[in-house]
1. For the range 323-333, just list the computed ³J(HN,Hα) in residue order, Karplus coefficients 6.51, -1.76 and 1.60, θ = phi - 60°, integers in Hz, with x standing in for Gly and Pro.
2. Please list, ordered by chain and number, the residues whose modelled amide H lies under 5 Å from the amide H of Leu352; skip anything fewer than 5 residues away on the same chain.
3. Residues in the range 238-279 near a label at Arg126, defined as backbone nitrogen under 19 Å from the 7 Å Cα→Cβ point?
4. Normalising by the residue count of the range 257-397, find the relative contact order in percent from Cα pairs under 8 Å and 6+ residues apart.
5. Taking the alpha-carbon centroid of each part, what is the distance from the range 320-346 to the range 282-316 in angstrom?
6. For the range 124-174 and the range 221-267, what is the separation of their Cα centres, given in Å?
7. If packing is taken as the average number of other Cβ atoms within 10 Å across a peptide's residues, how do 160-168, 335-343 rank, most packed first?
8. Check which residues have an amide H placed less than 5 Å from Ala291's amide H, if you skip close sequence neighbours.
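No value in this document is a laboratory result; all are computed from the given coordinates. Bear in mind the structure is a predicted one, so any value in this text is a computation, not a measurement. Cβ placement follows ideal geometry from the backbone for every residue including glycine, while neighbour counts extend to all protein chains displayed.
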Amino acid sequence: MRPRACLLVALAASVACSPAPATPPTARLQITDVLGGFGAVGLDRALEPRELSFPADHGPHPTFASEWWYLTGNLETAAGRAFGYQVTFFRTSLGAAPASETDGSAWSTNQVWMAHFAIADIDPGRFFAFDRFQRGALGLAGAVASPWRVWLDDWSLEQEGSETFPLRLRARERLEAGGDAGDEVAVDLLISPLKELVLQGDRGLSRKGPTPGNASFYYSFTRLQTSGTVRIGDQRFAVEGTSWLDREWGTSALPDGQVGWDWFALQLSDGTELMFYQLREADGSPSAYSAGTLVRADGSSTRLDAADVELTVQHTWISPIDGTVYPSGWRLSIPQRGVELRIEPLLESQELDLTFRYWEGAVSVSGSGLGGTPVSGRGYVELTGYAEGGQAPLIRR
């Protein structure tokens with residue numbers, strides 16, 4: 001077990017078993033600590049495609065090591081003020097058997113939860129990011145499939161009525177510890193799909209490496225109509241826009257030697273969407289298991305392999321925290337489809353300096369879509385594995 005993996009288990013165990021309220025830890029973690037192969041004995045793995053079933057698969061999969069419900073989106077006021085947002089719920093298993101099953105404590109659990117909440121206020125150039133941790137016991141955090149609900153404390157994504165959609169997303173956090181109740185950042189949003197869900201990879205099985213189990217089950221809602229309010233301090237903004245929801249679960253999804261990924265979720269003006277993740281090896285080179293999906297306006301989709309997509313870094317951004325260098329501008333091409341896109345951050349400083357440190361933010365898109373048709377768009381990009389000893393981006397002009 002790698003040292004960082006030991007740290008994660010110790011950290012998770014303290015959250016799961018302590019009777020005190022969970023507090024965010026101060027230790028740093030890498031994404032490979034959660035998605036690597038440690039602690040996998042006795043847990044289920046994503047080995048081959050299976051028929052996903054709904055609403056059951058909207059809910060939790062506690063026999064797998066990790067999973068997440070990942071929402072990102074771009075919103076605007078009627079006057080054109082732009083916001084990006086992210087709310088994510090992560091579940092991690094400590095092992096195959098329930099923890100302290102016989103000790104009679106209501107606090108006992110083998111499931112640990114983490115959530116991230118971030119807002120990018122584009123025009124004034126402000127970025128806010130928060131994380132929370134909680135045990136999967138006493139109703140403090142968890143997920144159910146029907147009615148669909150995921151929550152950690154008062155952050156929640158839940159079914160609003162008798163049907164699966166719309167979902168209501170709520171999260172709020174004080175800007176300063178001890179601040180008054182009005183000094184908050186918050187979202188309260190209703191989201192409904194404009195397209196049916198998309199199964200990523202091979203019928204929902206997304207392979208990340210050559211070994212059986214280096215994979216996850218993965219589906220997405222690639223375009224969700226979104227409306228509601230964003231609050232920053234004493235200001236409330238009525239907003240509308242679109243969101244993207246990713247659902248993924250697995251055990252030891254990343255093989256040894258992979259250090260992170262660059263993930264793109266793009267919504268284009270011609271009604272198409274594009275998801276692509278470029279997995280990175282320890283030397284910074286792209287993995288042959290990088291992949292994606294192109295979703296057409298009619299909802300039909302095409303798988304993309306690593307060889308189908310050309311991704312080049314055009315610019316970089318240096319974190320003021322410690323000089324970590326992130327990509328910050330890309331050219332993404334799919335030559336056989338006539339796609340040539342320029343991707344730029346709407347705000348460069350969208351780094352989440354949390355227990356996991358990574359860059360994730362709202363981006364603008366311009367260029368040529370399918371068949372070379374001019375397009376514009378919005379999206380989100382996630383960059384992991386660069387901070388704290390990660391590789392600098394490879395820049396090609």
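1. With the stated coefficients, the range 323-333 comes to x, 4, 9, 10, x, 8, x, 9, 10, 10, 10 Hz.
2. Amide H neighbours of Leu352, under 5 Å, 5+ apart: Tyr358, Trp359, Glu360.
3. So the set is 238-240.
4. 25
5. One Cα centre to the other: 12 Å.
6. Spelled out, the Cα-based centre of one part sits 13 Å from the other.
7. 335-343, 160-168
8. It is Tyr277, Leu279, by chain and number.
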